[in-house]
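The values are calculated or read from the model by the stated rules, or taken from the named source; none is laboratory data. Worth saying up front: this structure is predicted, and the values here are computed from it rather than measured. Please note: Cβ atoms are built from the backbone with ideal geometry, for glycine as well, and neighbour counts cover all protein chains shown. Ligands, DNA and RNA are stripped out before the accessible areas are found, and what is left, the full protein with its side chains, is counted by its heavy atoms. Shrake-Rupley method; radii C 1.70, N 1.55, O 1.52, S 1.80 Å.
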Amino acid sequence: MSVCTLRINDHDLAVPLGTTLLQAARQAGIHIPTLCFLEGLSAVAACRLCLVELEGSDRLMAACVTAAAEGMRVHTDTPRLREIRRTVIELLFTEGNHVCAVCVANGHCELQNLAVEVGMDHSRLPYRFPQRGVDLSHAQYGLDHNRCILCTRCVRVCDEVEGAHVWDVGWRGEHCQIISGLGEPWGDVNACTHCGKCVEVCPTGALFHKTDTSEEKQGHPERLQALMHARTHQQWNP
Amino acid sequence: MSQATPRKPRLATVWLAGCSGCHMSFLDLDEWLLELADRAEIVYSPVGSDIKTYPKDVDIALVEGGVANTDNLELLHQVRANTRTLVSFGDCAITANIPGMRNLLRGSDPVLRRAYLELADGSGQLPHAPGIVPELLERVLPVHELVPVEVYLPGCPPPADRIRAALEPLLRGELPHLSGADQIRFG
Ligand code: SF4
Ligand code: SF4
Ligand code: SF4
Ligand code: FES
């Protein structure tokens, strides 16, 4: 196995070639905030929260999709990166309609937690109050577009893990939204197996069980990880 | 000759478009309110004073609620003009939060029609009493989108401990530095 050596902040590391900067940092106990990335799904670098600085380059790189290379010197927590991360979170809050007080995910929401982590006590960007809908056509689950941050975790889990590919991303720019089937109501899409994986990996209160009321939605990304581990190692009885 | 004691900070609390929950949480400060009454002069507050007009020369104002109507807007401008440290108090003040949900209906007219005509029985009518019932603004806005704000105290409502964590430094004439889930979490 070929190995490369690199430095992240003040840690010298040796990792197998092909390791991403995010994996390398996590192995060394260095925290990099992430939102669209989820262990067990492919990485798409949609949210830009995990950006890091590389010495000798002006270009910021998304740690979740950048491979470690020999001699890299990486910084994960500079003032510039802290400023960008706070701005990314402010963008996510202001482009949708997040009313945490009445949200199913209040208290268990990855976006809400990240707001605390980046020190967002208010948004410096104006709120847009867009007009967005709620799809309650599915027998068991609901989708509130007001709280969707377009991380595409639902799209990936349904395609890559469940094999149903119910979800996709439709439209462009400010009209961009998650769609089911060919833009049909979720409840009309026969491909949906009612497995609930999309609900379990959604980081916010956008996807939820219809029986959840405020503060009752808990995500369960660890169930996806247990399933992927079992599939990879053919270990079905822990 | 008596020695001049330093002037106590002059404190106000203000209620715009909010449910008064932030003020209820302020009252949850319980016995610390006695200490507060001792260390500050309460010059204007819906829960702590009978004064009806906003006074001059206020040191600290906790402002609850979004800005939803012409009365809210006028009072906010008076507060800003007469206050050194304006604290945006609670999620409605900081994000528009619950009152801001009416912004999804796009404008004051659809909101009034929805509330007073569409959801009414046969006898519904739009409220119209100029000078008595304040006009709704087209959109509910957070306080800092209209006037500068010095301190943000998130939460729906901010718990009493969090309010005290902000007030302690303010009473000493310092700006608080709030951080972590106990102090700046929304919701
Ligand atoms: S999804 Fe998260 S950030 Fe959005 S309203 Fe719900 S709790 Fe708040
Ligand atoms: S419930 Fe399962 S099959 Fe249906 S959309 Fe969600 S992940 Fe896909
Ligand atoms: S519904 Fe949830 S998982 Fe899907 S894109 Fe929106 S926030 Fe992400
Ligand atoms: S976690 Fe890397 S871009 Fe979202």
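Counting only helices (runs of 4 or more DSSP H) that sit completely within the range B:79-184, those holding 3 or more residues that are closer than 21 Å to residue B:39 by Cβ and modelled with pLDDT of 95 or more correspond to B:160-171.
Answer yes or no: is there a residue in the range A:203-214 that is away from ligand 1 (no atom under 16 Å from the Cβ), at pLDDT 95 or above and over 30 Å from residue B:101 (Cβ atoms). No.
When the range B:36-63 is filtered for residues that are surrounded by 14 or more Cβ atoms within 10 Å (Cβ to Cβ) and either at pLDDT below 95 or among the acidic types (Asp, Glu) (or both), the ones remaining, listed by number, are B:41, B:48, B:49, B:59.
Listed by first and then second residue, the pairs with beta-carbon distance under 8 Å, at least 6 apart or on different chains, first residue in the range A:223-236 and over 16 Å from residue A:199 (Cα atoms), second assigned to a helix (DSSP H, G or I), are A:228/A:161; A:235/A:229; A:236/A:230. Within the range A:34-59, can you find the residues that are over 19 Å from residue A:148 (Cβ atoms), in contact (Cβ under 8 Å) with a residue 24 or more places away in the chain, buried (at least 16 other Cβ atoms within 10 Å of the Cβ) and more than 16 Å from ligand 2 (Cβ to nearest atom)? The answer is A:50, A:51, A:52, A:53.
Against the conditions (1) within 15 Å of residue B:164 (Cβ to Cβ); (2) outside any helix (DSSP H, G or I), residue B:36 satisfies every one except (2). What number of residues within the range A:101-112 are open to solvent by 20 Å² or more (accessible area, probe 1.4 Å) and facing chain B (nearest Cβ under 10 Å)? Final tally of qualifying residues: 3. Criterion applied to B:164, B:113 was being surrounded by fewer than 24 Cβ atoms within 10 Å (Cβ to Cβ), of a type outside the set (A, V, I, L, M, F, W, C), within 24 Å of residue B:28 (Cα to Cα) and away from chain A (no Cβ under 14 Å), and the one residue passing it is B:164.
For residue A:133, indicate whether it is free of Cβ contacts under 8 Å to residues at least 40 places away in the same chain, farther than 24 Å from residue A:225 by Cβ, within 14 Å of ligand 3 (Cβ to nearest atom) and of a type in the set (Gly, Ala, Ser). It is true that residue A:133 is free of Cβ contacts under 8 Å to residues at least 40 places away in the same chain, farther than 24 Å from residue A:225 by Cβ, within 14 Å of ligand 3 (Cβ to nearest atom) and of a type in the set (Gly, Ala, Ser). Do we have residue A:72 as surrounded by fewer than 16 Cβ atoms within 10 Å (Cβ to Cβ) and in contact with a strand residue (DSSP E or B) (Cβ under 6 Å, 6 or more places away or on another chain) here? Criteria not met by residue A:72. Among residues of the range A:84-97 that are within 12 Å of another protein chain (Cβ to nearest Cβ) and part of a loop (DSSP other than H, G, I, E, B), those with a beta-carbon under 7 Å from a residue that is crowded, with 18+ Cβ neighbours inside 10 Å and of a type in the set (A, V, I, L, M, F, W, C) at least six positions away or on a different chain give the pairs A:96/A:148; A:96/A:149; A:97/A:129.
In the range B:3-29, the residues that are modelled with pLDDT of 95 or more and among the charged types (D, E, K, R) reach residues that are outside any loop (DSSP other than H, G, I, E, B) and open to solvent by less than 40 Å² (accessible area, probe 1.4 Å) with C-beta atoms within less than 7 angstrom, at least six apart or across chains, in these pairs: B:10/B:43; B:10/B:58; B:10/B:59; B:28/B:160. Somewhere in the range A:98-107, is a residue over 18 Å from the mean Cα position of the chain (by Cα), away from ligand 3 (no atom under 16 Å from the Cβ) and either without any contact (Cβ under 8 Å) to a residue 60 or more places away in the chain or in a loop (DSSP other than H, G, I, E, B) (or both)? No. Go through the range A:174-188 and give me each residue that's more than 16 Å from ligand 1 (Cβ to nearest atom) and open to solvent by less than 20 Å² (accessible area, probe 1.4 Å). A:180, A:186 - these are the residues of the range A:174-188 that are more than 16 Å from ligand 1 (Cβ to nearest atom) and open to solvent by less than 20 Å² (accessible area, probe 1.4 Å).
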